[in-house]
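Contents: one structure, followed by commentary.
Derivation of every value follows stated rules applied to the coordinates shown; laboratory data play no part. In this text the structure is predicted, and so the values were computed from the model without any measurement. Cβ sites come from the backbone with ideal geometry, for glycine too, and all protein chains shown count toward neighbours.
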Amino acid sequence: MTAKLIRNAYEAGLTMTAVLLSWGAALVLEGAAGLHTDVLVLAVALTLTLASTQRTAGTRRRLISLVLLPATAAASIFVGRLLAAHYAAGAAVYTAGMALAIWIPARSSPSRWSPCSWSPVPHCRARRRADW
């Protein structure tokens, strides 16, 4: 067996362990707090999202994502309720949130958003290699 296969099997085992633990914790909380079954789906979806997006990330980035992902989910619930209650205000908050989500990555790495990020021109391909 190659080292890559062993690493993939190890990561798959860790992911399934995390999914089962989050599912079990959500099941206990569902019964104790009288919640609906959508809590189970959300717990598993959040766990799988963190597992797939943070596979190669460092510890600091994983901890930041562990805090930001549930906070983003809570904010989306707030925006959804705001849209249902006050459509104009909810639409404005949603639009501002989408603009912010696009603006932050563009500010952090402007070279990826330049015309050379998608161009097939040879000097752009060399520049892309240097950027990555």
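Potential lengthening of the chain between LEU20 and ALA99 amounts to 24.9 nm, from the contour at 0.36 nm per residue minus the alpha-carbon distance. Distance between the 7 Å Cα→Cβ label points at LEU48 and ARG62: 2.1 nm. Computed from backbone phi, the HN-Hα couplings of segment 26-34 come to 5, 5, 5, 5, 4, x, 6, 9, x Hz, rounded to whole numbers (Karplus: 6.51 cos²θ - 1.76 cosθ + 1.60, θ = phi - 60°; Gly and Pro given as x). Taking 0.36 nm per residue of sequence separation and removing the Cα-Cα distance, the THR37/ALA74 pair yields an extension gain of 11.6 nm.
Here the peptides 87-99, 37-49 are ranked by packing, the mean other Cβ count within 10 Å, and the order with the highest first is 37-49, 87-99.
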